[in-house]
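Engineer: Mind having a look at this structure? Questions to follow.
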């Protein structure tokens, strides 16, 4: 991500539009769950030491929190953009600005200084900004390892499809690690530890949409460098999965999934199989 360039305006509007679609598409109980997921995971996402002079002061964090809670949906994005222009890296913006702000918002909520509704609004904006920052990161070199992690969405009882897809992908030369039957937290923990470049998620239908969306929200925070592909019967339904869930691609058949996997890992199409 260039430190001298401002956010792409189209990308900014797209991210906020997609968050708006999520807020209009899912029931309030699910939105509340997603808000808690964003705030708690972002707040606890401090994993490395940075130079003290890169850290924002407490007043700046308060300003960012107030921007996240304001009537202007783009105020916080503008704040982060200004920090970016001053030289803050992707890691600094995510871990020292947004993580600390999420923690502060959680404290304000615990102390009844802000309502949960406002925290929900702020959480949606944090998630939108994270998606903007992720999309602006430079495209890496082609991944020639052809490795991916497949997983069934927590709560799924039908895992035969993804098991067969894993075997078929292995026959085509892919190194596939498969997880089925795990709880939400257990799956996120395993994927966070492994940091795969490509994650394929399988869901059987619309009833899995809340769990799928919650999982992708968590993975966008714990695995920011991963590409996410949604597969299974849910991909055949008219749910706008790339926009609503935040997935990078969706495929309702095996050949389409393999084509997306090649594209997402930037694998040359003229390779030998």
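Engineer: Provide a single number: the residues in the stretch 219-265 that are part of a loop (DSSP other than H, G, I, E, B) and at pLDDT 80 or above.
Structural biologist: Residues that pass the stated criteria total 10.
Engineer: What is the one condition in (1) free of Cβ contacts under 8 Å to residues at least 12 places away in the same chain; (2) within 30 Å of residue 68 (Cβ to Cβ) that residue 126 does not satisfy?
Structural biologist: (1)
Engineer: Kindly list, by first and then second residue, each pair from a residue in the stretch 103-116 that is farther than 20 Å from residue 33 by Cβ to a residue that is surrounded by 13 or more Cβ atoms within 10 Å (Cβ to Cβ) and at pLDDT 90 or above, limited to pairs with Cβ atoms under 7 Å and residues at least 6 apart or on different chains.
Structural biologist: Correct list of pairs: 104/61; 104/65.
Engineer: Need the failing condition index for residue 159 against (1) at pLDDT 90 or above; (2) over 30 Å from residue 67 (Cα atoms); (3) in contact with a strand residue (DSSP E or B) (Cβ under 6 Å, 6 or more places away or on another chain), just the number.
Structural biologist: (1)
Engineer: Would you please name the residue that is farthest from residue 128 (Cα to Cα), looking only at residues in the stretch 181-195 that are surrounded by fewer than 18 Cβ atoms within 10 Å (Cβ to Cβ) and in contact (Cβ under 8 Å) with a residue 24 or more places away in the chain?
Structural biologist: Result: 181.
Engineer: Shifting gears a bit: Looking at 191, 198, 209, which one is in contact with a helix residue (DSSP H, G or I) (Cβ under 9 Å, 6 or more places away or on another chain), over 17 Å from residue 255 (Cα atoms) and at pLDDT 90 or above?
Structural biologist: 191 is the lone residue from the list that is in contact with a helix residue (DSSP H, G or I) (Cβ under 9 Å, 6 or more places away or on another chain), over 17 Å from residue 255 (Cα atoms) and at pLDDT 90 or above.
The values are calculated or read from the model by the stated rules, or taken from the named source; none is laboratory data. The shown structure was predicted, so the numbers you read here are calculated from the model rather than taken from an experiment. Because the Cβ atoms are built from the backbone with ideal geometry, glycine has one as well, and the counts that use them run over all protein chains shown.
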